[in-house]
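In what follows, a single structure is set out as structure tokens and then discussed.
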Amino acid sequence: MSDQDLELLEGTVSSIIFQNEENGYTILRLDVRGEEVTAVGPMAGVAPGEYLSIRGRWTRHPTYGLQMKAEVVDRRLPQSMKEIFHYLSSGAIKGVGKTTARLIIEEFGENSLAVIEEDPEQLTKIKGITKKRARQIGEVFRQQMGTRRLMEFLSEHRLPLELAALLRRAYGDVALEIVKANPYLLVNEEFEVEFSQADALALSLGVGRSDPLRLEAGLIFELAHNNYSNGHTFLPRHKLVDATSTLLQVSGELLEDCLDTLVSRGETECEQVAGQEAVYLPALYEAETYIAQRILEMSQAELLPPEKLSGLIHRIEEEQCISYASQQREAVELAASRQVMLLTGGPGTGKTTCLRGVLALFEMIGLDTALAAPTGRAAKRLGELCNTDASTIHRLLETGFDPRSGKLIFTRNSYDPLKTDAVIVDETSMVDVPLMAALLDALRDDCRLVLVGDPDQLPSVGPGSLFADLIRSGAVPTVRLTEIFRQAAQSAIIRNAHLINHGQLPDLRHNEGDFFCLARREPESVVDTVVDLCRRRLPERMGIPADQIQVLSPTRRRGTGTRALNQALQQALNPPLEGKGERRFGDWVFRTGDRVMQVRNNYDILWREEGGTDAGMGMFNGDIGVIRSIEREVITVDFDGKIVEYSPDMLGELEPAFAVTVHKAQGSEYRAVILAALEGAPMLMTRGVLYTAVTRARELFIVVGDPAAVAGMVANNRQTRRYSGLRARLTEK
């Protein structure tokens with residue numbers, strides 16, 4: 001939306017209803033020519049008495065009615081005696097109340113604010129104000145002026161206003177000066193400004209197109225963007241230079257010199273690896289090299305197996321009422337004698353049986369074992385399969401606040417390692433390089449590690465191809481399960497998953513068992529069929545309620561993407577009703593009863609256990625819950641018994657989850673899965689996406705769409721190349 005499309009609202013702040021000091025999100029009442037109007041948005045430090053010019057758009061809150069959502073805010077300090085008194089008496093300046101405000105105005109009149117900022121010691125003329133108190137009042141006001149000028153700067157350059165609170169928290173009183181000196185800092189992860197915006201700001205402030213500041217910032221941005229967006233741990237030097245040359249429209253020769261400077265300063269690492277001159281961000285270089293070193297050390301460690309191992313395994317078989325196949329027995333035996341091992345295989349090959357066996361063996365020989373998975377749903381499923389507690393890797397490692405960096409970190413590390421004797425990780429294909437490095441750093445030197453997963457599923461969202469690299473290196477003890485057991489082979493889901501994985505098209509004409517294809521060739525027909533399946537056909541005919549069905553799509557956009565599906569499914573499964581809470585955020589209306597997903601890791605969000613006294617910190621990307629209530633400005637979500645309250649400024653962390661992308665469903669398993677497969681970009685309509693979707697279903701899989709599109713996915717074994725040096729580091733050593 002351009003500035004011309006925004007509505008203008010001007011008036012004096014009469015009261016503050018809510019203000020989040022962390023990010024500046026504010027709800028206030030504005031006096032507009034005698035009429036009270038509600039305005040919401042990032043307005044850090046705004047206080048009663050200020051005059052605001054707000055550009056934004058009108059929204060209607062179900063409880064509070066019409067309100068202005070601010071996008072651009074211009075602030076004017078109080079000028080009249082009445083405005084200044086209102087401002088000072090509001091408590092905006094700590095140490096100044098109504099009585100003191102009246103005395104200040106009586107003494108200094110319309111110059112009161114100038115005196116407080118420029119010569120606060122004059123306040124000692126007022127009875128009861130000491131020099132110390134006067135200096136404190138002046139310091140608080142100057143801090144507020146710093147925030148104000150920072151907001152004015154952001155507003156002038158059309159940058160998000162919520163940056164003001166983030167920048168003040170990072171750089172304090174000198175935040176504005178630091179941003180002016182290096183606008184490219186705004187591209188950092190904690191600020192999330194687009195490079196093009198930061199670059200335009202820098203150029204407007206006089207930074208030259210060939211300035212080393214700009215060239216170095218472009219190189220770092222391209223390196224970080226490609227690593228974290230495309231899953232690389234490094235970029236070949238020539239590709240990095242070419243990409244940055246295109247981004248900045250400068251010659252590669254200039255960039256080569258700048259890259260050498262970055263390497264000499266330690267801001268990038270450059271090394272020959274995997275036949276490439278590889279350029280790394282330091283953090284990813286350290287993570288990758290540490291994983292290679294630690295995994296090789298663990299792989300070479302041979303442990304003394306327990307006495308009478310064969311008898312212990314026989315006892316496990318009796319207790320679990322099973323008889324191991326040769327590959328399964330090999331996996332349990334290997335876990336007894338090696339410090340690290342990989343267990344891999346497709347659906348129906350008995351990974352869970354092996355995993356239970358390894359866990360039982362560890363318990364028999366007295367090992368304290370922790371079970372973990374990358375996501376909350378995967379951890380919950382792992383715990384249910386093994387009839388014990390399991391946690392996410394993030395929760396296992398615990399989180400804490402680093403006062404030096406101002407960031408949250410894992411508190412479990414080499415200085416304070418996990419107390420467990422063994423760790424078993426499921427769904428390892430989802431684990432990226434930084435997370436694995438953190439896990440390895442938290443293991444004691446003698447701790448055992450079992451990594452379980454399916455390398456044919458989609459790779460991790462973050463950097464690296466960790467699980468596949470470990471397997472393909474041949475350097476780590478591995479058991480690959482290949483035999484599909486008779487009972488599993490009766491499932492069309494499992495049979496077809498293996499066909500898909502081998503590039504063979506399942507028979508989509510004969511709908512039987514637990515795998516169905518409903519041919520639809522128009523987007524509207526696909527959406528209508530998916531809705532009917534969720535609302536009526538599966539609940540009525542198969543006894544599967546809607547809350548146990550997960551709709552998937554390869555894509556977010558287009559006619560059968562998650563956006564369109566979520567709108568249709570919400571209308572069908574959770575329509576508006578009088579008295580049902582609602583809260584609009586962006587293009588979506590959150591409603592009590594909606595299924596929602598946490599879409600980014602937030603380590604400092606507080607949750608409490610429903611009906612209990614337990615509480616903790618952290619919600620993670622992919623956690624799915626249900627909105628239990630929307631009261632005032634707060635949305636309360638139940639994540640499988642963990643209750644979280646979201647204030648308005650946190651709603652960017654939630655998305656509707658009646659339908660989710662296949663990538664977001666990784667690591668989860670659902671009673672029934674419906675895949676909308678009709679259209680999408682070739683990089684999304686792939687064999688790996690289809691295979692991952694099918695293997696999310698436990699009892700029933702239905703694909704709704706064009707059989708030709710499904711066939712195209714099976715044929716499209718396109719795998720975006722990831723630049724990773726882990727496999728080479730493992731094999732070279």
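Mean sequence separation of contacting Cα pairs (under 8 Å, at least six apart), scaled by the length of the chain, corresponds to a relative contact order of 10 percent.
Ligands, DNA and RNA aside, residue 706 has an accessible area near 30 Å² when probed at 1.4 Å.
Among the GluC sites (Glu not before Pro) found in segment 194-265, those both in a DSSP coil and sparsely packed, with 16 or fewer other Cβ atoms within 10 Å of their Cβ, are 194. Beyond 28 Å in Cα-Cα separation lie the following of the pairs 69/380; 69/580; 132/180; 94/127: 69/380; 132/180. In this structure the amide hydrogen of residue 695, modeled in the peptide plane, comes within under 5 Å of no amide hydrogen from residues 5 or more places off or on another chain. Ordered by solvent-accessible area of protein heavy atoms (1.4 Å probe), largest first, the residues 483, 524, 288 come out as 524, 483, 288. Multiplying each eigenvalue of the alpha-carbon gyration tensor of segment 633-733 by 5 and taking the square root yields semi-axes of 31, 24, 14 Å, largest first, rounded to whole angstroms.
Converting phi to 3J(HN,Hα) with the Karplus coefficients 6.51, -1.76 and 1.60 and the offset θ = phi - 60°, segment 164-171 yields 4, 5, 5, 5, 5, 5, 7, 10 Hz in sequence order, with x at every glycine or proline.
Amide H contacts for residue 605 (H built 1.01 Å from N in the peptide plane; partners 5 or more residues away or on another chain; cut-off under 5 Å): 618, 619.
Geometric descriptor of segment 42-119, per residue, is 115 Å³ (volume of the convex hull of the Cα atoms). Hydrodynamic radius of segment 16-62 by the Kirkwood approach over all distinct alpha-carbon pairs: 11.4 Å. Computed over Cα pairs, the Kirkwood radius of segment 154-213 leads via Stokes-Einstein (0.890 mPa s, 25 °C) to a diffusion coefficient of 210 µm² per second. Here is the result for segment 544-647: no chymotrypsin sites (Phe, Trp or Tyr not before Pro) lie in DSSP coil with at most 12 other C-beta atoms within 10 angstrom of their C-beta.
Heavy-atom accessible surface of residue 473, to the nearest 10 Å², is about 20 Å², with a 1.4 Å probe and all protein chains retained. Based on protein heavy atoms only, the chain ends up with 45 Å² per residue of surface accessible to a 1.4 Å probe. Taken one residue at a time, the phi angles of segment 722-730 give Karplus couplings (6.51, -1.76, 1.60, θ = phi - 60°) of 10, 7, 9, x, 5, 4, 5, 5, 6 Hz. Gly and Pro are set to x.
Carbon-plus-sulfur accessible fraction, the chain (probe radius 1.4 Å, protein heavy atoms only): 47%.
Amide H contacts of residue 390 (H built 1.01 Å from N, in plane; Pro and chain starts excluded): 383 sit under 5 Å, all sequence-distant by 5 or more or on other chains. Rounded to the nearest 20 debye, the dipole magnitude of the chain is 1040 debye, with +1 charges on Lys and Arg beta carbons, -1 on Asp and Glu beta carbons, and the Cα centre as origin. Report the paramagnetic label zone for residue 283: residues of segment 174-215 whose backbone N is under 19 Å from a point 7 Å from Cα along the Cα-to-Cβ axis. What the label zone holds, given the 19 Å backbone N cut-off, is 184-195. At q = 0.11, 0.13 Å⁻¹, what log₁₀ I(q)/I(0) does segment 23-178 have when each alpha carbon counts as one equal point scatterer in the Debye sum? At q = 0.11, 0.13 Å⁻¹ the computed log10 ratios are -0.47, -0.65.
Can you say what percent of the DSSP beta bridges in the chain, counting only those with both residues inside, are antiparallel? Round to 5. Taking every DSSP beta bridge with both residues in the chain, the antiparallel ones total about 65 percent.
The values are calculated or read from the model by the stated rules, or taken from the named source; none is laboratory data. If you're wondering where the values come from, they're calculated on a predicted model, not measured in any experiment. Virtual Cβ from ideal backbone geometry, glycine too; neighbours counted across all protein chains shown. Accessible surface areas use protein heavy atoms only, side chains included; no ligands, DNA or RNA. Shrake-Rupley method; radii C 1.70, N 1.55, O 1.52, S 1.80 Å.
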